[in-house]
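This report refers to the structure that appears directly beneath it.
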Amino acid sequence: MNVIVCVKQIPDPAQPGELDPSTNTLKREGKLILDESDSYGVEMALQLVDKAGEGEVSLISMAPNGEVSGLRTALAMGAAKAVLVSDPDLAGSDALTTAKVLAAAAKKLGDADLIIAATESSDGYTGTVPEQMAEVLGMPSITFAKSVAVEGGTVKVARQTEAGYDEVECPTPALVSVTAGVVEPRYPSFKGIMAAKSKPVEEVTAADLGVTPVGWAGADQQIVDVAQAPAREAGEIIEDEGEAHLKIVEFLEGLKVI
Amino acid sequence: MGIDNIWVFAQETNGAATPATLELLTKARSLGGTVSAFVVGDGNAIASTLGEYGAAKVYSTGDLAGNLPGAAGAAAMKAVIDGGDRPDLIMFPQNYEGRDIVSRLSVKLDRTVLTNNTQVEVDGDSLKVTTPVFGGEQLVTTTFTGEGPFLAAFRPKSFEPAPGDAGAGEVVSAPVPDLGATGGAKVTAVHVEETTGPKLDEAAVVVAGGRGLGQSESFEMVESLAKLLKGAPGASRAIVDAGWVPYSMQVGQTGKVVKPSVYIAAGISGATQHMVGMKGSKNIIAINKDAEAPIFGVADLGIVGDVHKVMPKLIEALQGR
Ligand SMILES: Cc1cc2nc3c(=O)[nH]c(=O)nc-3n(C[C@H](O)[C@H](O)[C@H](O)COP(=O)(O)OP(=O)(O)OC[C@H]3O[C@@H](n4cnc5c(N)ncnc54)[C@H](O)[C@@H]3O)c2cc1C
Ligand SMILES: Nc1ncnc2c1ncn2[C@@H]1O[C@H](COP(=O)(O)O)[C@@H](O)[C@H]1O
């Protein structure tokens, strides 16, 4: 079984985010890392291929400046190869363009039984890219998967819902988006890290894939203003010395909650 | 020209229109022009409410017969648009179904989608939408520059719902066309997790627990306190991912948006993704042992202390009343 995993490479979320004052888009300079959201997809894919006993996990990513750090992490976890789409013309792409590019990259890799993405990225969190990709590829999809199993050409998913979960079945090939926490992502071993250095990463441009990057939809929006939101004022902060709960009781009484 | 024809993706739970649906209809009405609701499922049960909130027309696909709403809803909407009713704007809630449908529709129409919005305003023949970024510290306003239909998804609780004075909406059938391969996914079983007490996103009091509780058993303190205050228990994503509590309790960017009159955060650090879901609460009480925790930046009353000491005493004091 062959699985393709979408891997987004993002600025380290531990660093405070910043908007580029000239374009008002998120700054994506410097070293990028594997989005934690996608580490679940990578782990899930490795487990599924392992269980099937044949096939491999491939990665696709769109990132600026030929960035591969995040891809190397996923390769070190056990993925076999990657396609990276890096192209200055793609700067400022919206989710729809990203989906078109990733769909083309998936096609380049050839037939996969499953494409896995995360339900949403940590930095962009539009949550639209996976379902847009499925539509571009004319594929069925199951979003918000909490568990995934593949048996003889059918993918079975427990799909999280607002009220609980649904059991959903779908013939492969299909796209599945997985929620955080579905599996425990493995730490790359030393051997894995060394092996990852020689695994193939093919770098292509949007034009190589036949996607016109700044298409009709690509240029359909423009940021016109960035403003500071009204700040919420901090109130009273007290140290608990054994009686702080009384302060809470008093506060709730004041609000007539009790 | 202008924004004359607005659609709202409308949802139902347990026979009633969802709060997010009514919020969007109310906002749509205020933007002017005609408003239609689009129900992906059977819209008959809620058509009168949708009408009351402003929908002159209620498109209804009928039962989805096991199809997931994403592919089915997008195809049904596209069919109506191709049939000649061309909306200038389609408003979606930023939730599972809204996200899945708007994504597939954006490809079918080759239109961009603006997500996570909290405000919208007409700007000539276009629209301006506002999105909070960095946990709500900054507000980014974006306009659509191409042609409609403009597609936008809004965070729940962005608008105050209020009924209008119109009657029931006229129900118009909008069947799901043949989905081909995209219709491959089928729901084979539905599991509903039982909950008691008020709903998390409607409760007047929310008591939420985070990783600072230390272990899943300690969540019982959160539940008892919520019960004593006739509120609902909530959670940070950290303890949802850890499997202590179901996802339906998650507050934040990927969970529920809550605006209760009192929000009590116990052992929650106050990550930006958590704060976007609760910053709108009228009063915030935080208990955290780290005086530097970001949650204290938004708390009206902050207790620097151990949840295992403060919570049991608080529960006892309230039980004694
Ligand atoms: C794309 C994306 C979406 C996300 N969406 C959400 C979301 O919807 N909701 C959400 O909540 N998070 C979300 N997160 C995760 C978020 O970034 C944080 O990781 C999460 O909110 C942290 O949860 P926490 O506060 O419980 O845990 P921690 O950050 O680990 O904080 C635990 C806190 O407990 C305190 N503590 C420890 N022991 C005690 C004690 N004995 N007594 C008192 N205090 C104690 C500590 O000082 C600390 O402040 C998202 C992240 C990403 C990347
Ligand atoms: N540039 C990208 N490269 C690879 N995968 C991506 C990219 N953008 C989005 N994705 C995938 O789509 C998911 C949802 O992204 P988003 O729609 O931005 O929230 C991500 O978690 C990834 O799995």
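Taken together, the values in this text are just the output of simple stated rules run on the coordinates, not laboratory data. Since the model is a prediction, treat every value here as computed from it, not as a measurement. Virtual Cβ from ideal backbone geometry, glycine too; neighbours counted across all protein chains shown.
Given only helices, namely DSSP H runs of n ≥ 4 each adding -39500 (n - 2.57), what is the per-residue ellipticity at 222 nm of chain A, to the nearest 500 deg cm²/dmol? Dividing the helical sum by the residues of chain A leaves -8000 deg cm²/dmol. From the P(r) of segment A:1-124, can you give the percent of Cα pairs sitting at distances over 27 Å? Every Cα pair in segment A:1-124 considered, those over 27 Å come to 16 percent.
Peptide B:250-257 is shielded by partner chain Cβ atoms: per residue, an average of 2 of them sit within 10 Å of its Cβ. A cut-off under 11 angstrom between Cβ atoms defines the neighbours of A:Ile33, and their net charge, with Lys, Arg +1 and Asp, Glu -1, is -3. Selection among B:Pro294, B:Ser281, B:Ser218 by position relative to the dipole of segment B:205-319 gives B:Ser281 as farthest towards the positive end (Cβ unit charges, Cα centre). Between B:Thr130, B:Thr13, B:Thr115, the Gaussian network model of chain B with springs among Cα atoms under 10 angstrom shows the greatest mean-square fluctuation at B:Thr13.
At 37 °C and a viscosity of 0.692 mPa s, what translational diffusion coefficient does Stokes-Einstein give for segment A:84-126, taking Rh as the Kirkwood radius over Cα pairs? Give it in µm²/s as a whole number. Present the calculation step by step, with values, prior to reporting the outcome.
Values: Rh = 11.8 Å.
Reported coefficient: 277 µm²/s.
Under the convention that each Lys and Arg Cβ holds +1 and each Asp and Glu Cβ holds -1, the size of the dipole of segment B:154-312 around its Cα centre is about 260 debye. Which parts of segment A:31-57 would a label at A:Glu202 reach, counting a residue when its backbone N lies under 16 Å from a point 7 Å out along Cα-to-Cβ? Output list for this probe position: A:56-57.
Taking the charge dipole of the protein assembly as shown about its Cα centre, with +1 at Lys and Arg Cβ atoms and -1 at Asp and Glu Cβ atoms, the residue from A:Gln47, B:Leu25, A:Ile142 reaching farthest to the positive side is A:Gln47. Round to a whole angstrom and tell me the spacing of the C-alpha centers of segment A:236-258 and segment B:81-117. What the calculation gives is 46 Å, centre to centre.
With contributions of -39500 (n - 2.57) from each DSSP H run of at least four residues, the per-residue ellipticity at 222 nm computed over chain B stands at -7000 deg cm²/dmol. Debye-formula intensities of segment A:99-258, expressed as log10 I(q)/I(0) at q = 0.18, 0.20 Å⁻¹, are -1.23, -1.35 (one equal scatterer per alpha-carbon, no solvent). For A:Thr154, nonlocal amide neighbours, meaning residues 5 or more places apart or on other chains whose placed amide H falls under 5 Å from its own, are A:Thr172.
Per the Debye calculation on segment B:248-321 with a single equal scatterer at every Cα and no solvent contribution, log₁₀ I(q)/I(0) for q = 0.21 Å⁻¹ amounts to -0.92. Distance between the pseudo-spin-label points of B:Val190 and B:Thr34 (7 Å out from Cα toward the beta carbon): 3.2 nm.
Dividing the alpha-carbon Rg of chain B by 2.2 N^0.38 Å yields what?
On the way: Rg = 21.2 Å, N = 321, 2.2 N^0.38 = 19.7 Å.
Taking N as the residue count of chain B, the ratio is 1.08.
Each Cα pair under 8 Å and six or more residues apart adds its sequence gap; the mean of these over the residue count of chain A is a relative contact order of 22 percent. Would you mind telling me the antiparallel percentage of the DSSP bridges in the protein assembly as shown, rounded to 5? Of those bridges, close to 40 percent are antiparallel. As I understand it, the value is the acute angle between the Cα axis of helix B:307-319 and the longest principal axis of the Cα atoms of chain B; what does it come to in degrees, rounded to 10? For B:307-319 against chain B, the angle is about 90 degrees.
Within a straight-line Cα-Cα reach of under 19 Å, A:Lys199 can be paired with the following lysines, leaving aside sequence neighbours fewer than 8 residues apart in one chain: A:Lys8, A:Lys81, A:Lys108, A:Lys191. Principal-axis analysis of the Cα atoms of chain B puts helix B:69-82 at an angle of about 30° to the longest axis.
Can you tell me the orientation of helix B:96-109 relative to chain B, as the angle in degrees between its alpha-carbon axis and the longest Cα principal axis, to the nearest 10? Once rounded, one gets 30 degrees.
Computed over the protein assembly as shown, the Cα gyration tensor eigenvalues convert (square root of 5λ each) into semi-axes of 36, 31, 23 Å, ordered from largest to smallest. Only Cα sites of segment A:13-80 enter the Debye sum here, all with the same form factor; the resulting log10 I(q)/I(0) across q = 0.28 1/Å is -1.28, listed in q order.
Cross-link partners of B:Lys78 among lysines, defined as those whose alpha carbon lies under 18 angstrom from its own and excluding same-chain residues fewer than eight positions apart: B:Lys57, B:Lys108.
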